[in-house]
Every structure is written in structure tokens, then in C-alpha cells.
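Throughout, read-outs are computed from the coordinates displayed, never taken from laboratory work. Small disclaimer: the values here were computed from a predicted structure and weren't measured. As a convention, Cβ positions derive from the backbone with ideal geometry for all residues, glycine included, and neighbour counts pool all protein chains shown.
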Amino acid sequence: MRRREGGSSLSELSEEWATSARVSTASPAPVARPCPPRLALASNDRRQKGDRLSRDVWDKVREFRAADEARAQGLYPYFRAFERNDGPEAVVDGRQVIMFGSNNYLGLTTHPKVREAASDAIRSLGTSMTGSRFVNGTTQLHHDLEERLADFYGREAALVFTTGYQVNLAVCSALLRDGDVALIDRGVHASTYDGVRLAMAHGARMVRFGHNSAESLDMHLSRLEEGDEGALVIIDGVFSAEGEIAKLDELLSIVRQHGARIMVDDAHGLGMVGPAGKGTAHHHGLGAEVDLIGGTFSKSLASVGGYLVGERAVIDYIRHHAASFMFAASGAPSTVAAAMAALEVMQEEGWRVDSLRENADYMIRELVSLGFEVGPTQTAIVPIYIRDDARTLAVWRELFEEHAIYTNPFVSFSVSPGHSLIRTSYMATHERAHLDRGLEALAIVGKKYGLI
Ligand SMILES: Cc1ncc(COP(=O)(O)O)c(C=O)c1O
């Protein structure tokens, strides 16, 4: 990473975070960016203070000014306190807003059955297992949910994790080492990048292929054939900023031609795409073909936690080799019970998946007809591309403060510079009136800022 003298301004910081935390390729124009390990931040020349060599790792902290600058300009959008965030309307910083920025896609966080399951688990098992799955943190609920997930996906086995982030750390760190290569779509989530960095510490290599490009994957896999490295391809099923569905059918056929393995991180796919919300693999009719499917409970399943499904032997290997699984406290019984109840409700109340799709289709159609650039989204994640950090934050503020519409600004902390966007996302429980009020506000703000 290029060293920057004289502290980190908002734009400098944006660049730094984009390279070190997540290297995304907001569609439709992926930008190749280097992804050096975080250690680059602590290079020796950074420590040179005048004639002295500074050993103080706090130096970077003192140079960090971006957040304060944004706060001073009233443009800081993060860590807002929600008093309520349980449906299509929310209360944040005392303001009632229409929620266009939640991952509660199916609206299940307040479903009576889900609430009841969580409360019952607290009443019978307490608030935490205070230990890891491995030794003293597994309950029958964890086993039951694993069985249900395996059934739901029609796979041999499942493993329940404390977060979805840990799933990706676990897969990469357990399965990849010296002599292996992780081939990742360059737009995957930060957790996969971190997982691959762990694998790199064991001697594995990282190769990033072009976003959603079977051609690029084919080229990189072909290059490997000169050696004898093992290859695991990792993609997101639905890309979290862009709302785009992975071209799994094309990618899988390349994976098979080269004898590699593939994992799909379907954090945003579950509940969102595929028959009955089964996700990206089923959307492509490939539910039985993908080697591993990972995901989270923190979106459609209205809880916290993660899961992995696949072949029993592979799941068992990960269970006994992944530090992020073995040495972290297990998901609390209430979170496991809530996820299990939400999975049941999702299957019982099929209208939720249908309604989510209808809302998504409506918003995509209306935003495009207003003239917004929304990229190739096919889901209830609908980005509005602005492509400039400062303007994105200003649009975000205006939507929030003047029109009581809550969205998520993605500036270059989380997407590549030049790809800033307002991420809007919808729920099964949004009514047409919510959507139309939001569209009205977006039209006003879009005109004011020259977006339409
Ligand atoms: C694609 C993707 N993978 C993994 C995760 C991590 O999931 P969790 O929030 O359960 O840690 C997220 C969460 O934002 C995500 O979007």
C-alpha cells in the first residue's frame, strides 16, 4: 500500500480502507485494486519521526482524522443509535424514518413465533453458554438447527457458527494451506478476504478473479494446471452492495472442468432468491452441486449466527480444524432458537419471499424509470450509484434529515473509489405507501444532486 504522509483525510482513509478491509467491485465496472495485507500499514518508514524511529503503534491512531472531519461537517453517517429497528419504519436519533436500509429482508425480527422461541430459550437455558461449541457451548438446539439446515438444503451435514464472519474464516483457515490456492471473486465480503489472509499465513495463495467472470476464473484456473496446487473458489451468492446474483451456473461449470471446489457465501441469498428463498444455488437449480454453502442468521433469519452446509466429512473436518469455530463462544441459545423459528416461518409463510420479490421488482422498475443508475441488481438490494464519496454522504444526509428516509451510504470505506453508492434494501413487509413515499423523496433529492 502506498504510504501517505501527514495523516489520513477522509479521501485518503477511504482508499486505505478500500484496500485493506474490503476490495469490492461495484458493478457494472469492476476496478482491479491491490489487496496487500494490513501489515503494510506499519511499514518502517511510517515509523520514522524526524530523526527518530518511532516504535509507537498508536502513531496511526493520532493520524486518523477522517471520522472527526466528517463529524465536523455533519456528514458522519455511522453508529447512529436506533431506538427501534424492527420493520419498515424505524426510530433513529429520535426521528421516525422509513427503513430502506435493513437486512431484515423477511421482516421476521418481530414475528411472534421467533420472539417466543428466543424468550423460551432464555427461560430454559439462560442467556449464554459462556463457552465454545467444542467443549461446553453446544446445546440440543444447536444440533437440531444443524439437522434442519441440512434437511432444508438437502445436504449431508451442517454446522452452526456464532457469526457468518467466522464461517468464512473457518472454511479458509481449515481447508487451505501450503500448496493450496483460494480463487475469490474480487467483490467478495471482507470476511472471505480475512479468511484467505489466515490461509496465507499457512502458506496458501490468493488469486482474485474478475467480478462474476467465468472467463477470468477459467484463465486463472488454467494457469494453475502447470503445478499441482489445490484450488477452492469462493464467491458471494448475492453481492451485498450491488444486489447482483452470482453467475453460479457459468462459474460452476468452469470449476468442474478444472477439478476445483467451490463455496458460495449466501449471506444475502437466503430468503431473497431461489424457490422458497433457498438461495443462489437453488436459484440456478444447482442446490446439490455446490460443494459448500455458507450463510448467516443475521439477515433473513432475523437473528445472529452463521452456518455451513455440505458433505459430512468436510463439515466434520472443519469442526475439528477451524480456530474461529473451536475457540469462540457458541451462539447463545436464544439466537439459535430464533434462527430455527425464522427458518420455519420462512417455509410456512411463503408469501414473505414472494412479497420481497414484488417489492424489489417494483423499486428497481420505478428507480430505473426515474433515471437512477442501479446497476445489474436483480434482488431487494438496490444500489443507487453516485460515484463520489462527498456527494453520496450529502445525499444520505438529505434523505435522512429532510425526508426521514434511512438508507446506507457505501463510500470508499466499503466499495472501490469511484463506485460510491446509496444502498437501499427492501423488506417483505414494506407496503406500497412506504415505497412510494421513499420514491418521492428519492426523486426530489436525485434531481437536486443531478443524479436524474
Ligand atoms: C456476504 C456476507 N458474508 C458474510 C457476512 C458476515 O455475516 P455476519 O453478520 O453473520 O457475521 C456478511 C454480513 O454482512 C455478508 O454480507
Query raised in the report: Which shape class, rounded, prolate or oblate, goes with segment 172-271 when its Cα gyration tensor gives a ≥ b ≥ c as root eigenvalues, a/c under 1.5 marks rounded, and past that a/b bigger than b/c marks prolate?
Result: oblate
Query raised in the report: Order of Leu356, Leu75 from fewest to most other C-beta atoms within 10 Å?
Result: Leu75, Leu356
Requested in this report: Compare the Cα positions of Ile384, Val309, Val57 along the charge dipole of the chain (+1 at Cβ of Lys, Arg; -1 at Cβ of Asp, Glu; about the Cα centre) and return the one farthest towards the positive end.
Outcome: Val57
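If you count the DSSP beta bridges with both ends in segment 112-348, what percent of them are antiparallel, to the nearest 5?
On the way: 12 of 30 bridges.
Restricted to segment 112-348, the bridges split so that about 40 percent are antiparallel.
For a Förster distance of 35 Å, can you work out the FRET efficiency between the beta-carbons of Ala67 and His321, rounded to the nearest 0.05? If you can, show how the numbers build up before the last one.
On the way: r = 38 Å, r/R0 = 1.08.
Computed FRET efficiency for Ala67 and His321: 0.40.
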Requested in this report: Order by neighbour count: Thr377, Thr424, Thr139, fewest other Cβ atoms within 10 Å first, most last.
Outcome: Thr139, Thr377, Thr424
Requested in this report: Post the alpha-carbon centroid distance, segment 295-334 to segment 144-214, in whole angstrom.
Outcome: 11
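Report for the chain the percent antiparallel among DSSP-assigned beta bridges with both residues inside it, nearest 5.
Numbers: 29 of 50 bridges.
Here the antiparallel bridges make up roughly 60 percent for the chain.
Need the full-extension length gain, Ala288 to Glu83, defined as separation in residues times 0.36 nm minus the C-alpha distance. One decimal, nm.
Values: separation 205, 0.36 × 205 = 73.80 nm, distance 4.21 nm.
Full-extension gain reported as 69.6 nm.
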Report task. Any chance you could list the semi-axes, whole Å, largest first, of the equivalent ellipsoid that the Cα gyration tensor gives for the chain, using √(5λ)? Result -> 31, 30, 23
Report summary line: Per principal axis, largest first, the Cα atoms of segment 112-348 extend in Å by 58, 36, 29
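Shape of segment 44-189 from its Cα gyration tensor (a ≥ b ≥ c, root eigenvalues): rounded if a/c is under 1.5, otherwise prolate when a/b > b/c, or oblate?
On the way: a/c = 2.13, a/b = 1.28, b/c = 1.66.
Oblate, since a/c reaches 1.5 and b/c is not below a/b.
In which sequence would Ser369, Ser414, Ser216 go, from the one with the fewest C-beta neighbours within 10 Å to the one with the most?
Working: Ser369 10, Ser414 23, Ser216 20.
Starting with the residue having the fewest Cβ neighbours, the order is Ser369, Ser216, Ser414.
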Requested in this report: Could you size up the charge dipole of segment 383-452 around its Cα centre, putting +1 on the beta carbon of Lys and Arg and -1 on that of Asp and Glu, and report it in debye to the nearest 20?
Outcome: 140
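Could you work out the local net charge near Ala390, counting Lys and Arg as +1, Asp and Glu as -1, over the other residues with Cβ closer than 13 Å to its Cβ? Display every interim value, and only then the final one.
Values: positive: Arg387, Arg391, Arg397; negative: Glu69, Asp388, Asp389, Glu398.
Surrounding charge for Ala390 is -1.
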Query raised in the report: From the phi of every residue in segment 301-306, what ³J(HN,Hα) in whole Hz does the Karplus formula 6.51 cos²θ - 1.76 cosθ + 1.60 yield, where θ is phi - 60° and glycine or proline is x?
Result: 8, 6, 8, 9, x, x
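Regarding segment 378-451, what's the average projected area of the Cα-atom convex hull, expressed in nm²?
On the way: hull surface 20.0 nm².
Quarter of the Cα hull surface area: 5.0 nm².
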Query raised in the report: Given q = 0.16, 0.24 Å⁻¹, what are the Debye log10 I(q)/I(0) values for segment 298-410, with equal point scatterers placed on the Cα positions and solvent ignored?
Result: -0.99, -1.27
